[in-house]
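Reviewing the structure listed below.
The values are calculated or read from the model by the stated rules, or taken from the named source; none is laboratory data. All values reported here derive from a predicted model rather than from experimental measurement. Glycine also receives a Cβ, built like all others from the backbone with ideal geometry; neighbour counts cover every protein chain displayed.
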Amino acid sequence: MSTKPLTGHECPGDPCTIVIFGASGDLTKRKLLPALYNLKALKLLPENFAVIGVAVSDSNDELFRTQITSDIQQFATRPVDQAEWDDFSKRSYYLSGDFNNPDTFQHLGAKITDVQKTWNLSGNVLFYLAIAPTFFGKVVEQLGNAGLTEEKPDAWRRVIIEKPFGHDLQSARDLNADLTKHVAESQIYRIDHYLGKETVQNIMVFRFGNSVFEPIWNRRYIDYVQITVAEELGVELRGGYYDHSGVTRDMVQNHILSVLSLVAMEPPTSISGDSVRNEKVKVLEAIRPMEPEEVLANTVRGQYGAGIIDGKNVPAYRTEPNVNPQSNTETFVAMKLEVDNWRWADVPFYIRSGKRLAARTTQIVIGFKRTPLLLFGKGVEDNIMPNRLVIHVQPDEGITMDIHAKRPGPGISIANVPLDFSYQEFGESNAATGYETLLYDCMIGDMTLFHRYDSVDASWRIVNPILDVWQALHPRDFPNYAAGTWGPEASDRLIEKSGHAWHHYLLNK
Ligand code: BG6
């Protein structure tokens, strides 16, 4: 696993054919192609590689090359070098076909063999499923039936699966059972693009690469943890998917619980292989699933009404395209979780996420306890916040430690002073989509940053009881927050009950 930006000093990935299902979709053009191009520019794509796009739409190799050439101009995150791109483009192929039809997979097998001969490729094949989740099981079954998932000593076969992995606990289990009829767990790369983010990977470096934090990283010194993933965007054109999902399935079950487990896990014995994944799953298993009455007390859901974002009027969720006008889907969630282990007992973990909020920010706040003795007088200390450590994941990446210092002048007056570190200070521009590390890791067979099934299962066990209660009790007050705000008022009350408050801490402001 790479814990710093890929620089090109690493060895290139294994020679392989990369097959992208959903080649005409948004993810392919916005993220996957630019990420593959970046890897090529950094000399991290193997010299021997080829890409085969598969989708339902009618097209051919030539048209596909024209299409991706125009897409890369639009979505590349670094200047496109003509010679590099020409080489990429001529190694790109297209196959049109229906995923339900076994013939498509026979044709795919033949195409892979052709392409391997043309470019003298090994038998390694990476299948990327950038398709609707309803097809995950079907496509893997068809690949299996066509003999395309079978590994040989000199030929790996790996499948990258996008989220969501299941719609609830049972469907996740069913999907996993379907997949494992055709591929082993060691071939399944369940991708989570949050784990491709620099600052998320930096949580591990920060915790385990510095000796000063780990001794205080526990219930003795930490009062609470907050994780906020706030978006200004609404559901855009994804109403059809989102209305059946909601923010809890879309963001909490995967991204947020995964970030939480990095914050809370025990030190792994090594940074790669299964050590990290072993520790992450233990955290998830220590989060006690809520009883129905706890769901009512410890969670808040919301849905945005019309409002104002960046000075512009934006519509209510229920009037977005492909959203049911009476929809009860939540676009905001806040909850208080408890990690029942020796390190974290009684430390609340507050998480919240929502669309159409007041700012785009992903941040983790670690709130420390007050000093044991108010040496400087109650009046002085009442006005200052206990120390906080803020890990800014996006849009500005960095870390802030809030400390206390004496205001200059006579007498004792104490102020909160932020010690800011911004990634910009490294002076390295990070021309990346976030998918580079993950694609590269898959090509070198490093699964550290991918979800193992036991952690998917554990996450659903946390989220499912909440969804069940919400399903049974329709929200009466939706929409309950205006776009452009920090969500429903109940979210503030949820956290105030335990004597805390949400922090909206912006770096570089
Ligand atoms: C995706 C969700 O996984 O993450 C989207 O499906 C969400 O709804 C997106 O907008 C947020 O990702 P990022 O990287 O922009 O924070």
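If you scan segment 274-316, which residues turn out to be among the charged types (D, E, K, R), under 23 Å from the mean Cα position of the chain (by Cα) and assigned to a strand (DSSP E or B)?
ARG301
Touching a helix residue (DSSP H, G or I) at 6+ places or on another chain (Cβ under 6 Å), away from the ligand (no atom under 16 Å from the Cβ) and small (Gly, Ala, Ser): is that true of ALA286 in this structure?
no
Please specify each residue of segment 179-192 satisfying the condition of being buried (at least 20 other Cβ atoms within 10 Å of the Cβ) and in contact (Cβ under 8 Å) with a residue 60 or more places away in the chain.
Residues satisfying the conditions are ILE188, TYR189, ARG190, ILE191, ASP192.
Suppose we filter GLY484, GLY434, GLY411 for residues that are on the phi > 0 side of the Ramachandran plot, modelled with pLDDT of 95 or more and small (Gly, Ala, Ser); which single one remains?
GLY484
Considering (1) within 16 Å of the ligand (Cβ to nearest atom); (2) at positive phi, say which one GLY273 fails and leave the rest.
Failing condition for GLY273: (1).
Has segment 398-413 got at least one residue that is in contact (Cβ under 8 Å) with a residue 40 or more places away in the chain, under 17 Å from THR199 (Cβ atoms) and either of a type in the set (D, E, K, R) or part of a helix (DSSP H, G or I) (or both)?
no
Considering only segment 501-508, I want to know if a residue exists there that is in a loop (DSSP other than H, G, I, E, B), in contact with a strand residue (DSSP E or B) (Cβ under 6 Å, 6 or more places away or on another chain) and over 29 Å from PRO79 (Cα atoms).
yes
Just the residues that are surrounded by 14 or more Cβ atoms within 10 Å (Cβ to Cβ), assigned to a loop (DSSP other than H, G, I, E, B) and within 16 Å of the ligand (Cβ to nearest atom), please, taken from segment 209-243.
Across segment 209-243, the qualifying residues are GLU231, GLU232, GLY234, VAL235, ARG238, ASP243.
Restricting segment 344-364 to residues that are within 16 Å of the ligand (Cβ to nearest atom) and assigned to a loop (DSSP other than H, G, I, E, B), which is nearest to THR299 (Cα to Cα)?
In this case the residue turns out to be LYS355.
List every residue pair whose Cβ atoms lie under 8 Å apart, where the two residues are 6 or more positions apart in sequence or sit on different chains, the first residue falls within segment 356-370 and is under 9 Å from ILE309 (Cα atoms) and of a type in the set (A, V, I, L, M, F, W, C), and the second residue, located anywhere, is in a strand (DSSP E or B) and within 13 Å of the ligand (Cβ to nearest atom).
Within 8 Å, the pairs are LEU357/ALA230; LEU357/PHE332; ALA358/ALA230; ALA359/ALA230.
Six or more apart or on different chains, Cβ under 8 Å: which pairs go from a residue in segment 226-242 that's within 13 Å of ASN324 (Cα to Cα) to one that's modelled with pLDDT under 95? Could you list them?
TYR241/ALA132; TYR242/VAL235
Of all residues being under 23 Å from the mean Cα position of the chain (by Cα) and assigned to a loop (DSSP other than H, G, I, E, B) in segment 317-337, which is nearest to LEU357 (Cα to Cα)? Just the residue, please.
THR331
I want to confirm something. Restricting to segment 258-269 and keeping residues that are out of contact with any strand residue (DSSP E or B) (no Cβ under 8 Å at 6 or more places or on another chain) and either over 23 Å from ASP346 (Cβ atoms) or touching a residue at least 40 places away in the same chain (Cβ under 8 Å) (or both), which single residue is farthest from the ligand (Cβ to nearest atom)?
THR269
Find all pairs meeting these conditions: Cβ atoms under 8 angstrom apart; at least six residues apart or on different chains; first residue within segment 48-64 and in contact (Cβ under 8 Å) with a residue 24 or more places away in the chain; second residue part of a helix (DSSP H, G or I) and hydroxyl-bearing (Ser, Thr, Tyr).
Close Cβ pairs satisfying both conditions: ALA50/THR118; GLY53/THR28; VAL54/THR104.
For segment 184-194, which residues satisfy the criterion of being within 18 Å of the chain's Cα centre (by Cα) and more than 11 Å from the ligand (Cβ to nearest atom)?
ILE188, TYR189, ARG190
Could you please find all residues in segment 40-57 being over 15 Å from VAL19 (Cα atoms) and either of a type in the set (Gly, Ala, Ser) or at pLDDT 95 or above (or both)?
LYS40, ALA41, SER57 - these are the residues of segment 40-57 that are over 15 Å from VAL19 (Cα atoms) and either of a type in the set (Gly, Ala, Ser) or at pLDDT 95 or above (or both).
Take the residues in segment 165-178 that are surrounded by fewer than 20 Cβ atoms within 10 Å (Cβ to Cβ) and either within 16 Å of the ligand (Cβ to nearest atom) or basic (Lys, Arg) (or both), then tell me which one is farthest from ASP457 (Cα to Cα).
This residue is HIS167.
Regarding ILE384, is this residue more than 16 Å from the ligand (Cβ to nearest atom) and either of a type in the set (S, T, N, Q) or touching a helix residue (DSSP H, G or I) at 6+ places or on another chain (Cβ under 8 Å) (or both)?
Considered against the rule, which asks whether it is more than 16 Å from the ligand (Cβ to nearest atom) and either of a type in the set (S, T, N, Q) or touching a helix residue (DSSP H, G or I) at 6+ places or on another chain (Cβ under 8 Å) (or both), ILE384 comes out as no.
Given the options TYR435, TYR453, name the one that is crowded, with 22+ Cβ neighbours inside 10 Å, touching a residue at least 40 places away in the same chain (Cβ under 8 Å) and closer than 22 Å to PHE127 by Cβ.
Going through TYR435, TYR453 in turn, the sole match is TYR435.
Here's the yes/no breakdown for (1) buried (at least 17 other Cβ atoms within 10 Å of the Cβ); (2) away from the ligand (no atom under 16 Å from the Cβ):
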residue	(1), (2)
ASP420	no, yes
GLN424	no, yes
ASP468	no, yes
ALA472	no, yes
PRO479	yes, yes
ALA483	yes, no
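I'd like the full set of residues that are in a loop (DSSP other than H, G, I, E, B) and either closer than 21 Å to GLN187 by Cα or under 21 Å from the mean Cα position of the chain (by Cα) (or both), limited to segment 442-485.
Of everything in segment 442-485, those that are in a loop (DSSP other than H, G, I, E, B) and either closer than 21 Å to GLN187 by Cα or under 21 Å from the mean Cα position of the chain (by Cα) (or both) turn out to be GLY445, ASP446, MET447, THR448, LEU449, PHE450, ARG452.
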